[in-house]
Amino acid sequence: MTRTAIVTGSASGIGAATVAELQRRGYRTVGMDIAAEPAGSVAGAEHRAIRVDVTDEPRLIAAFDEAMGFLGQLDVLVTSAGMADTTPFMELTTEIFRKVSEVNVVATFTCIREAAKRMQAGARICTVASVAGLRGGGLSGTGAYAASKGAVLALTKNAARALAPRGISVNTIAPGATLTPMIAEAWKNDAHRTRVEGMSVLNRTAQPHEMAVAIAFLVSPEATSITGTTLVADNGLVMY
């Protein structure tokens with residue numbers, strides 16, 4: 001039977017690459033994003049794009065219902081929707097902090113909850129954290145971003161515990177510097193890019209497809225013994 005997946009943040013970056021990779025592996029997919037997916041980004045009748053702000057809970061729940069109408073069943077959820085923030089710590093406002101948390105943490109929780117309601121035993125969820133959550137920032141993202149991604153790491157482990165009796169596995173990927181629209185502006189600063197790349201042993205920036213194939217493994221039937229785990233994909237930056 002064809003496997004199915006919902007991917008949030010599907011219009012660009014890691015989310016778009018994940019949809020493409022899952023499609024390549026034969027999945028039927030639904031992409032959710034606040035922005036419209038580029039025309040022709042995923043061809044064929046096996047994909048549907050739904051525009052939704054993941055922080056709008058009633059609309060998000062309706063989007064999951066719409067996705068189920070298309071997919072029929074739900075085997076996989078990937079929560080790639082997120083936002084970056086580079087505001088220096090002493091310039092952060094509570095408004096910024098709350099907004100980043102709403103997108104990166106609260107919406108991730110809501111998506112996990114709504115997916116789990118619609119999943120059967122054997123389903124798999126992969127959240128998208130960041131090495132910023134492991135090391136407290138220090139790359140591009142600062143206080144609000146690092147805190148939000150640290151929360152995603154803890155949320156993932158709790159979800160893995162809570163959903164295990166239902167046969168649902170939950171893992172997360174923690175990317176390092178990955179060339180997505182989220183860091184494109186920062187990467188125009190050659191000195192900054194060189195500094196961050198030099199912190200990893202491979203001295204490079206990853207491409208979204210590299211994260212997508214790692215996610216595809218975590219949500220695949222081959223990863224049946226893996227849950228509550230963080231896969232760090234950072235070119236050897238953290239090595240914890």
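Just so it is clear, none of the values below were taken in a lab; they were calculated from the coordinates. In this text the structure is predicted, and so the values were computed from the model without any measurement. Counting neighbours? That spans all protein chains shown, and the Cβs are built from the backbone with ideal geometry, glycine included.
Look at the range 100-117: where a residue is of a type in the set (Asp, Glu) and a partner is buried (at least 21 other Cβ atoms within 10 Å of the Cβ) and assigned to a helix (DSSP H, G or I), sitting 6+ places away or on another chain with Cβ atoms under 6 Å, you get 114/64. For residues that are surrounded by fewer than 20 Cβ atoms within 10 Å (Cβ to Cβ) and within 16 Å of the chain's Cα centre (by Cα), scanning just the range 31-51, find the one that is farthest from residue 73 (Cα to Cα). Filtering the range 31-51 for residues that are surrounded by fewer than 20 Cβ atoms within 10 Å (Cβ to Cβ) and within 16 Å of the chain's Cα centre (by Cα), the one farthest from residue 73 (Cα to Cα) comes out as 35.
In the set 92, 134, 155, 77, which member is more than 15 Å from the chain's Cα centre (by Cα), among the hydrophobic types (A, V, I, L, M, F, W, C) and either closer than 30 Å to residue 221 by Cα or buried (at least 21 other Cβ atoms within 10 Å of the Cβ) (or both)? Give the steps one after another, and end with the answer.
Numbers: 92 fails: either closer than 30 Å to residue 221 by Cα or buried (at least 21 other Cβ atoms within 10 Å of the Cβ) (or both); 155 fails: more than 15 Å from the chain's Cα centre (by Cα); 77 fails: more than 15 Å from the chain's Cα centre (by Cα).
Matching residue, one of 92, 134, 155, 77: 134.
Of all residues in the range 161-181, count the ones that are in contact (Cβ under 8 Å) with a residue 24 or more places away in the chain, surrounded by fewer than 20 Cβ atoms within 10 Å (Cβ to Cβ) and part of a helix (DSSP H, G or I). Qualifying residue count, the range 161-181: 4. Number of residues in the range 182-225 that are farther than 23 Å from residue 146 by Cβ, among the aliphatic types (A, V, I, L, M) and not in a loop (DSSP other than H, G, I, E, B) equals 4. Listed by position, the strands (runs of 3 or more DSSP E) contained in the range 17-133 that have at least 3 residues being not hydrophobic (A, V, I, L, M, F, W, C) are 28-33, 47-51, 119-128.
Hey, could you check the range 62-74 for residues that are surrounded by 15 or more Cβ atoms within 10 Å (Cβ to Cβ) and either touching a helix residue (DSSP H, G or I) at 6+ places or on another chain (Cβ under 7 Å) or free of Cβ contacts under 8 Å to residues at least 12 places away in the same chain (or both) and say which is nearest to residue 5 (Cα to Cα)? Selected residue: 74.
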